[in-house]
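A short write-up of the structure that comes next.
The values are calculated or read from the model by the stated rules, or taken from the named source; none is laboratory data. All values derive from a computational prediction rather than experimental measurement. Here the Cβ positions follow ideal geometry from the backbone for every residue, glycine too, while neighbour counts run over all protein chains shown. Ligands, DNA and RNA are excluded from the accessible area calculation, which covers all protein heavy atoms including side chains. Shrake-Rupley method; radii C 1.70, N 1.55, O 1.52, S 1.80 Å.
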Amino acid sequence: MTSASVSPSLRDPVALCLLLSAVMMITANNAISPALPGLEAQFADNPNAPALTRLLVSAPSLSVAILAPFAGKLVDRFGRRHLLLAGICLFGATGAAGGVLPSLELILTARLAQGVALAMIITAQSALVGDLFQGDDRNRFSGLQIAVRNYGGLLFIFAAGGLATVSPRLPFMIYVGAVLCLPLFLRHLPLTTTLQAKRLEGAPSDTSWPVIIGLSALQSVATALFFLMPTQIPFFLGELSYAPELTTPWVLGILMLTGGPAALSYARLVNRIGQGGGLAIGFTLLAAGFAALSIANTLPLVMAGASLIGAGYGVVTPGFVPMLLAATSAEQRGLATGILGTGLYLGQVVSPLISQPVIAEFGWAIAFGGTSILLMILAAMALFLIRQT
């Protein structure tokens with residue numbers, strides 16, 4: 001297996017394996033969200049049920065934020081294939097366990113363990129992207145990966161919603177799908193030993209750790225700002241006198257629908273205006289979306305803002321892995337992608353911790369407007385980087 005034999009498309013079985021593992025990343029959090037009210041009611045005799053059920057969503061993110069660099073070191077030492085396969089097995093088992101465990105405390109423990117599996121999957125999958133793709137192919141695959149994650153997330157959140165109407169335990173069974181994919185992974189994932197020569201092709205001899213840390217920090221900030229949508233939009237819609245349970249799926253759905261095409265356009269965009277230009281456009285779209293939310297008083301205006309935010313995040317997100325891999329030696333790709341994963345999931349964890357006090361103190365308009373200003377500053381910084389290169 002060589003990098004030349006892998007195509008960044010859905011028709012290539014190796015690329016398909018990597019895309020399926022990317023979908024697992026987004027299902028880790030959103031697949032059980034529709035089940036939370038039912039779980040809280042099912043465990044109503046537990047005095048901590050309200051807090052514990054909400055922690056179930058973010059628990060995997062917390063584990064990834066802490067453990068991703070360590071998982072990356074294991075990926076570098078023991079190989080991408082072994083860690084990815086082990087992560088998929090653990091991901092499916094710990095995810096499905098939530099459907100049968102008898103207490104919220106045990107389900108929370110399983111969710112934390114699922115985060116360990118997710119850290120293994122993220123780092124091994126991203127390192128394999130670096131091994132198998134270079135240049136324009138890497139950019140195209142990164143955009144395709146974000147698009148597939150968006151569409152997969154949309155599919156699974158609606159599927160989980162349907163299952164949750166039958167039983168709040170059924171959405172956990174979605175994770176069994178990870179184990180069902182194992183035969184495909186076993187057959188098509190390349191052996192680590194066959195990639196040794198290709199890892200050195202086109203990779204720098206030394207890792208630029210300041211670039212890695214900077215990208216991780218930027219990923220964390222961008223994610224924290226974007227995550228105002230899934231964490232705060234239901235409450236914002238309630239403030240506007242809309243039923244959150246009916247309108248939230250549509251607002252979050254438009255995020256994914258507009259993010260998919262934007263991500264697919266990423267490679268063409270970067271070929272024309274470079275990585276910095278892509279970031280500048282993406283951050284500007286995000287800023288425009290949050291500016292719309294800051295003045296929104298109707299659902300159509302909320303949907304318009306969400307569509308801009310989805311498109312902006314779809315343009316911004318695909319660039320982080322290619323930029324990181326371009327600054328990382330082949331032997332340290334696992335560790336570097338683990339640090340990037342920490343930035344991503346740390347942003348998810350801290351987003352509600354930072355945004356909630358701001359909203360409570362200053363209100364929705366200032367919170368969304370301030371977010372828009374921060375994003376415009378990031379866009380200006382990206383334009384400055386363009387002028388410097």
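PHE290 satisfies every condition listed in (1) farther than 25 Å from ILE213 by Cβ; (2) open to solvent by 10 Å² or more (accessible area, probe 1.4 Å); (3) in a helix (DSSP H, G or I) except (2).
Residue-level check: of (1) at pLDDT below 85; (2) closer than 26 Å to GLY259 by Cβ; (3) not aliphatic (A, V, I, L, M), PRO190 misses just (2).
Restricted to region 293-307, and to residues there that are out of contact with any Gly (no Cβ under 9 Å at 6 or more places or on another chain) and assigned to a helix (DSSP H, G or I), the residue that is least open to solvent (accessible area, probe 1.4 Å) is VAL302. Screening the candidates PHE384, PHE320, PHE368 for the property of being among the aromatic types (Phe, Trp, Tyr) and over 30 Å from VAL148 (Cβ atoms) yields one hit, PHE384. With respect to (1) modelled with pLDDT of 90 or more; (2) open to solvent by less than 10 Å² (accessible area, probe 1.4 Å), the lone exception for LEU325 is condition (1).
Within region 23-51, the set of residues being at pLDDT 85 or above and within 24 Å of the chain's Cα centre (by Cα) comprises VAL23, MET24.
To keep it simple, each residue is scored yes or no on (1) buried (at least 17 other Cβ atoms within 10 Å of the Cβ); (2) assigned to a loop (DSSP other than H, G, I, E, B); (3) in contact with a Ser or Thr (Cβ under 9 Å, 6 or more places away or on another chain).
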residue: GLY334; (1), (2), (3): yes, no, yes
residue: LEU340; (1), (2), (3): yes, no, yes
residue: LEU344; (1), (2), (3): yes, no, yes
residue: VAL349; (1), (2), (3): yes, no, yes
residue: ILE359; (1), (2), (3): yes, no, no
residue: ILE366; (1), (2), (3): no, no, yes
residue: ILE377; (1), (2), (3): no, no, no
residue: ALA380; (1), (2), (3): no, no, no
